[in-house]
Structure formats: structure tokens, C-alpha cells
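Engineer: Next up is a structure, given as C-alpha cells.
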Amino acid sequence: MIKFAREAVKNENEYLHCARQAEVYVRSFLEECEDGIYSREVEGAGKNNLYVGLAGILHMYLQFYLVEHYEKSNCQRDIDYEHIIKEMTRYLSIHWKDGLEYVKQNGEAVLGMAEAFYGGIGGIGMVLNEVYKVFADESAKKAVWEIITYYKEHAVRTEKGIYWSDNSAIFFDGGITLFLIDSFLTYQDEQEVLKNSVDEVKNFITDKDNRKYNEKDLYRLITDSCDYILANGIYHDDGGLEIDHMQVDFKHKEPNFEFGTAGIGYLFAKVYEITNDIKYLQAAKAAGIYLKNIAVKKGRGYLIPYKLGKYDDLFYLGNCHGPVGTAKLFYELYKVTDNNQYLQEVFSLYEGAAALGAPFVQSAGFWNTTCICCGPAGYAAPYVGLYYETGDDKWKELAHGVGEILVGTKSWSEKNQNQGYHWEIAFDRTKPEIITSPAGYLSGTAGIAVALLQIYCMHTNNKGCLCLIDDPYLKWKR
């Protein structure tokens with residue numbers, strides 16, 4: 001049994017210090033050019049995306065800005081976060097389609113990633129929405145509507161609805177729909193509030209020039225894409241709904257968040273929130289039934305296997321394929337139904353994780369990586385959120401423990417200690433000998449910095465640090 005290294009943290013400012021040192025490392029990859037600020041760490045189609053690229057780094061800087069401006073007395077005044085944010089925004093507003101252009105010339109390993117959510121333009125748009133909420137930045141808004149226009153013009157229309165890659169997963173088309181929901185929520189107050197019934201919206205005719213799109217068009221994109229995903233669901237006799245509609249052969253039967261039923265069930269619940277159409281709530285509940293029916297008891301809780309039929313006894317324990325991601329569905333159902341049983345399912349998933357030692361002990365499904373995607377950093381937001389929701393100090397102590405892991409596993413350059421802190425991880429579990437120190441959000445240091453800020457905020461009652469729409473725990477209050 002290998003435990004993650006931990007370092008005792010007695011003062012909450014240690015979390016803020018560690019996060020700031022992580023920012024120094026991320027900033028070491030930034031460059032200024034005539035179009036703004038970009039990161040030179042990642043090349044190719046992913047350089048601007050949410051997962052490893054500039055959009056995720058921009059999200060990190062927004063969290064620093066919000067946290068440190070919530071409490072002026074503790075603000076790090078030698079770094080102009082607002083300047084960095086606005087220059088990154090300007091760069092992304094110009095270069096959001098670079099990944100699409102790159103794959104036209106060079107192809108991509110998995111078709112559809114460059115236009116998708118975590119790996120493509122949808123995630124970029126989501127972070128630009130975040131910028132607009134904070135700064136009312138018109139270049140961010142303009143780029144978002146260009147991305148929405150791209151999705152409208154490139155949607156494949158069928159009798160069932162619309163799709164882009166024909167991969168239902170949150171990583172792909174389901175995530176695009178999350179971005180569209182986020183845009184709907186971001187800009188709805190600026191236009192005539194949608195009061196039409198679902199049927200009236202379905203019959204809405206777009207502007208004749210086919211270039212100007214408004215809230216009703218956006219609503220229809222959301223419902224049509226969600227309807228297509230729902231139409232391709234697999235209904236089981238036990239009342240469960242499985243979502244496994246993928247054109248990527250090797251990603252089938254992965255039921256958790258990024259590629260499976262858990263993520264799409266979460267999407268259905270989010271669509272219900274804006275439509276009040278009961279069919280989406282019923283679909284979200286049926287997705288939960290499916291997951292419960294394939295669950296494997298672990299300790300006082302349960303877990304969902306990584307890959308059915310191939311790795312039934314392997315349990316990833318992070319966000320992408322583990323309980324951190326899967327619990328989002330049940331927490332969202334708890335929010336929209338006010339049914340405490342769904343909160344109990346969240347608890348059961350975290351009990352299952354604890355039975356295998358997560359987030360403190362490494363295992364076959366929780367290896368030498370600390371990042372948001374598949375490591376302990378991903379536990380910060382749910383633990384903090386559950387503490388806020390329940391007031392139970394158990395969750396506060398667990399979040400504090402995650403912080404001690406992140407502080408305890410940090411690294412720095414002996415030759416150049418001015419480069420800040422980074423985290424050395426084996427991101428690919430099939431090649432544990434390859435150790436890297438990514439700067440990205442879901443993959444590395446930027447995300448760990450955000451997790452540290454979330455824990456710092458919990459200890460100091462700072463309300464600045466927030467989550468994006470793919471996470472239900474720490475949300476915007478409009």
C-alpha cells in the first residue's frame with residue numbers, strides 16, 4: 001500500500017502560498033504576442049483547450065482574481081491578474097478555432113475532439129463565458145457567439161435531433177450541450193427572457209439571413225442535441241437508462257462521467273433545470289437507476305467499474321472514470337428534486353472510494369497522479385461543497401487532508417527555485433515510468449492551484465472560488 005505524501009498544514013495561508021507558487025510555474029510557460037497572452041507548453045490541436053491548454057489556465061487566473069479580490073487585505077498586488085485575464089481572453093477570442101484548423105491539416109487521433117468540450121472549442125467557450133460574467137468583456141462574448149454559430153452551422157440534423165461527432169459522451173457532444181446551457185444561462189438576462197412553451201420553441205424559425213442567433217435558437221440547439229442523445233439510449237427492463245452511443249470503438253462500456261452514463265445523466269438533469277420538461281428529469285433518474293444496478297459494494301458504500309465486461313474489478317477513483325465524477329449526477333438530482341436519497345447516494349460513492357483508501361492511498365485505479373482529472377485534487381470541490389451543504393466537519397477534515405496531500409507532493413527546481421511549485425505525475429497509468437509535470441487545468445498544476453484555492457476559501461469563508469458548469473458543487477449565484 002502506497003500512501004500519497006502529506007505535509008501538515010496548520011495555517012490556511014499555507015494553501016494560498018502553495019497555490020501562488022503553482023501559479024508561478026504556470027506563468028513560466030506564458031508568452032505575450034501582438035494578439036495577447038498564450039501558453040507555449042502545449043502544441044497542436046490542444047494548445048488552447050480546457051483540458052491541457054490555455055482555456056484551463058485562464059480559468060485558474062479567474063479564480064485567483066476572484067479569491068484575492070474578495071479579501072482586499074490579502075491580495076497579491078505584484079501580479080496584475082486582470083491584465084493577464086484580459087490578454088488571454090483577447091488571444092482566445094482571436095484563436096479559438098486554431099485547433100480546428102490544425103486538425104484539418106494534420107488530422108486527429110480521435111475524430112471530433114477539436115470541436116468537442118474538454119478537448120475542443122466548447123470548453124474554450126465555457127471559460128470565455130466565465131470571463132464575461134466577471135468582466136462583461138465584449139470580446140469574450142463575441143467569441144462565444146462565434147462558437148455557438150459554428151455549432152449551429154455544423155450540426156448534423158436528423159429526425160431524432162442533432163449531433164456533431166455522434167459521440168454522446170460529456171467529453172464530446174454531451175459536453176457541447178453543457179457549454180450551450182452555460183451560454184443560455186450567461187446571456188439570458190440580456191435578451192427577452194424565454195417564456196415560450198417547449199412546443200412553441202420547437203417551431204421557432206430562425207432569422208432569414210441565417211447568421212443572427214438569439215436565445216430561442218440556443219434553446220433549440222440544447223433540446224435538439226439532448227433529444228438525439230436520449231433517442232440513442234439503451235433502456236433496460238429494470239428501469240435503468242444506459243448511454244453508450246459512441247463512434248470511438250475503444251471507449252464503449254465506460255459508464256462513469258467523462259465517457260458514460262453518469263455524465264449524460266448529469267446533462268439530462270441540467271437540461272431539466274432550464275426546460276422544466278419532465279422527460280429529461282425522468283431520463284436523469286433512469287441513468288441513476290442504471291448506475292445503481294451495476295454498482296459493486298465496497299465497504300459501507302459502492303463503486304462503478306471502470307469498463308464493463310473488460311475491467312469489472314478495476315475501479316478508477318478520480319473524476320474522469322470514478323466516484324468524483326459519478327457523484328455529480330446524484331448531487332445534481334438532489335439539487336433539482338430536493339430528495340435526500342440522492343444525497344445519500346453521493347455519500348455512498350465516497351464511502352466506496354474510502355474503502356479503497358482514496359483519496360489518501362494509491363491503488364490500481366488511483367495511481368501516482370495528483371491532478372483534477374484522476375487524482376486527489378479532484379476531491380477538493382466535492383468535499384468543500386459537501387461541507388457547505390451539510391455543515392458536517394467530516395467533509396472539512398477530508399478537504400483539509402486533500403490539501404495536505406497537494407502541499408506534501410509538490411516539487412520545485414533546485415536550480416531555479418523562482419520557477420515555483422509543480423507536481424510530478426504519471427498521467428498515463430499504462431506507462432507509470434513516464435513522469436511529467438503538466439501545467440494544464442485538468443491535467444496538472446493549474447488545476448491543483450484551483451483545488452488549493454478552494455480549500456483555502458473553505459477555511460477562510462472566502463466566497464470567491466467557483467466551479468464550472470460540469471461541476472455542481474460551487475456555483476455562480478446570479
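The values are calculated or read from the model by the stated rules, or taken from the named source; none is laboratory data. Everything numeric here is computed off the predicted structure, so don't read it as measured data. Backbone-built Cβ (ideal geometry, glycine too); neighbour counts: all protein chains shown. All accessible areas refer to the heavy atoms of the entire protein, side chains included, with ligands and DNA or RNA removed. Shrake-Rupley method; radii C 1.70, N 1.55, O 1.52, S 1.80 Å.
Engineer: Quick check, is residue 106 of a type in the set (S, T, N, Q), open to solvent by less than 30 Å² (accessible area, probe 1.4 Å) and in contact with a helix residue (DSSP H, G or I) (Cβ under 9 Å, 6 or more places away or on another chain)? Spell out the reasoning first.
Structural biologist: Details: of a type in the set (S, T, N, Q): yes; open to solvent by less than 30 Å² (accessible area, probe 1.4 Å): no; in contact with a helix residue (DSSP H, G or I) (Cβ under 9 Å, 6 or more places away or on another chain): yes.
Spelling it out, it is not the case that residue 106 is of a type in the set (S, T, N, Q), open to solvent by less than 30 Å² (accessible area, probe 1.4 Å) and in contact with a helix residue (DSSP H, G or I) (Cβ under 9 Å, 6 or more places away or on another chain).
Engineer: A follow-up question, please. Report whether or not residue 357 is farther than 14 Å from residue 327 by Cα and at pLDDT 95 or above. Let's see the steps before the verdict.
Structural biologist: On the way: farther than 14 Å from residue 327 by Cα: yes; at pLDDT 95 or above: yes.
Spelling it out, residue 357 is indeed farther than 14 Å from residue 327 by Cα and at pLDDT 95 or above.
Engineer: Cβ-Cβ under 9 Å, sequence separation 6+ or interchain: first residue in segment 79-96 and more than 13 Å from residue 38 (Cβ to Cβ), partner among the polar types (S, T, N, Q) and open to solvent by 20 Å² or more (accessible area, probe 1.4 Å). Which pairs?
Structural biologist: Close Cβ pairs satisfying both conditions: 86/139.
Engineer: Does segment 54-72 contain any residue that is outside any helix (DSSP H, G or I) and over 24 Å from residue 116 (Cβ atoms)?
Structural biologist: Quick first cut of segment 54-72, residues outside any helix (DSSP H, G or I) only: 71.
Remaining after also requiring over 24 Å from residue 116 (Cβ atoms): 71.
Among the residues of segment 54-72, at least one is outside any helix (DSSP H, G or I) and over 24 Å from residue 116 (Cβ atoms), which makes the answer yes.
Engineer: I would also like to ask the following. Residues to consider are 349, 329, 343; find the one that is in contact with a Ser or Thr (Cβ under 7 Å, 6 or more places away or on another chain), of a type outside the set (Asp, Glu) and in a helix (DSSP H, G or I).
Structural biologist: Working: 329 fails: in contact with a Ser or Thr (Cβ under 7 Å, 6 or more places away or on another chain); 343 fails: in contact with a Ser or Thr (Cβ under 7 Å, 6 or more places away or on another chain).
So the residue among 349, 329, 343 that is in contact with a Ser or Thr (Cβ under 7 Å, 6 or more places away or on another chain), of a type outside the set (Asp, Glu) and in a helix (DSSP H, G or I) is 349.
Engineer: Somewhere in segment 152-163, is a residue of a type in the set (Asp, Glu) and within 23 Å of the chain's Cα centre (by Cα)?
Structural biologist: We begin by selecting, within segment 152-163, every residue of a type in the set (Asp, Glu); these are 153, 159.
Restricting the remaining residues to those that are within 23 Å of the chain's Cα centre (by Cα) gives none.
Checked segment 152-163: no residue is of a type in the set (Asp, Glu) and within 23 Å of the chain's Cα centre (by Cα).
Engineer: Could you check how many residues of segment 235-261 are aromatic (Phe, Trp, Tyr) and modelled with pLDDT under 95?
Structural biologist: The first filter runs over segment 235-261 and keeps only residues aromatic (Phe, Trp, Tyr), leaving 235, 250, 257, 259.
Add one more test, that the residue is modelled with pLDDT under 95, and what stays is 250.
Residues that pass the stated criteria total 1.
Engineer: Where residues in segment 352-367 are among the hydrophobic types (A, V, I, L, M, F, W, C) and assigned to a helix (DSSP H, G or I), which of them is nearest to the chain's Cα centre (by Cα)? Working first, answer last.
Structural biologist: Initial filter on segment 352-367 (among the hydrophobic types (A, V, I, L, M, F, W, C)): 353-356, 358, 360-361, 364, 366-367.
Imposing the further condition that a residue be assigned to a helix (DSSP H, G or I) reduces the set to 353-355.
Details: 353: 20, 354: 22, 355: 25 Å.
Result: 353.
Engineer: Just one of 61, 15, 65, 81 is of a type in the set (Phe, Trp, Tyr) and either open to solvent by 10 Å² or more (accessible area, probe 1.4 Å) or touching a strand residue (DSSP E or B) at 6+ places or on another chain (Cβ under 8 Å) (or both); which is it? I'd like the intermediate steps shown before the answer.
Structural biologist: Working: 61 fails: either open to solvent by 10 Å² or more (accessible area, probe 1.4 Å) or touching a strand residue (DSSP E or B) at 6+ places or on another chain (Cβ under 8 Å) (or both); 15 fails: either open to solvent by 10 Å² or more (accessible area, probe 1.4 Å) or touching a strand residue (DSSP E or B) at 6+ places or on another chain (Cβ under 8 Å) (or both); 81 fails: either open to solvent by 10 Å² or more (accessible area, probe 1.4 Å) or touching a strand residue (DSSP E or B) at 6+ places or on another chain (Cβ under 8 Å) (or both).
Selected residue: 65, the only one of 61, 15, 65, 81 that is of a type in the set (Phe, Trp, Tyr) and either open to solvent by 10 Å² or more (accessible area, probe 1.4 Å) or touching a strand residue (DSSP E or B) at 6+ places or on another chain (Cβ under 8 Å) (or both).
Engineer: Any residue in segment 416-440 that's among the hydroxyl-bearing types (Ser, Thr, Tyr): show its pairings with residues that are part of a strand (DSSP E or B) at Cβ separation under 8 Å, as long as the two are six or more apart or on different chains.
Structural biologist: Partner pairs satisfying both residue conditions: 421/411; 436/425; 437/411; 437/422; 437/425.
Engineer: Here's a follow-up. Would you confirm whether any residue within segment 34-54 is in contact (Cβ under 8 Å) with a residue 60 or more places away in the chain, among the charged types (D, E, K, R) and crowded, with 23+ Cβ neighbours inside 10 Å?
Structural biologist: No: zero hits.
Engineer: Every residue in segment 114-149 that is over 16 Å from the mean Cα position of the chain (by Cα) and aromatic (Phe, Trp, Tyr), please.
Structural biologist: Scanning segment 114-149 gives 132, 135, 145.
Engineer: Name the residue that is least open to solvent (accessible area, probe 1.4 Å), counting only residues in segment 139-171 that are acidic (Asp, Glu) and under 30 Å from residue 87 (Cα atoms).
Structural biologist: Taking segment 139-171 as the starting set, the residues that turn out to be acidic (Asp, Glu) are 146, 153, 159, 166.
From the residues that got through so far, the ones that are under 30 Å from residue 87 (Cα atoms) too are 146, 153.
Details: 146: 60, 153: 105 Å².
My answer is 146.
Engineer: I'm checking my understanding of the structure. Among residues of segment 73-93 that are closer than 18 Å to residue 464 by Cα and not in a helix (DSSP H, G or I), which one is modelled with the highest pLDDT?
Structural biologist: Per the criteria, the residue is 80.
Engineer: Counting only residues that are out of contact with any strand residue (DSSP E or B) (no Cβ under 9 Å at 6 or more places or on another chain) and under 27 Å from residue 374 (Cβ atoms), which one in segment 233-250 is surrounded by the fewest Cβ atoms within 10 Å (Cβ to Cβ)? Give the steps one after another, and end with the answer.
Structural biologist: Within segment 233-250, the subset out of contact with any strand residue (DSSP E or B) (no Cβ under 9 Å at 6 or more places or on another chain) is 237-239, 246-250.
Right, trim to under 27 Å from residue 374 (Cβ atoms) and you get 246-250.
Numbers: 246: 22, 247: 15, 248: 19, 249: 6, 250: 9.
Filtering first and then ranking leaves 249.
Engineer: I would also like to ask the following. Might you check whether a residue that is more than 18 Å from the chain's Cα centre (by Cα) and touching a residue at least 60 places away in the same chain (Cβ under 8 Å) occurs anywhere in segment 368-380?
Structural biologist: yes
Engineer: Of the residues that sit in segment 262-300 and are among the hydroxyl-bearing types (Ser, Thr, Tyr) and touching a residue at least 60 places away in the same chain (Cβ under 8 Å), which one is least open to solvent (accessible area, probe 1.4 Å)?
Structural biologist: If we filter segment 262-300 for residues that are among the hydroxyl-bearing types (Ser, Thr, Tyr), which is where we start, we get 266, 272, 275, 280, 290.
Right, trim to touching a residue at least 60 places away in the same chain (Cβ under 8 Å) and you get 266, 272, 275.
Details: 266: 0, 272: 44, 275: 16 Å².
This residue is 266.
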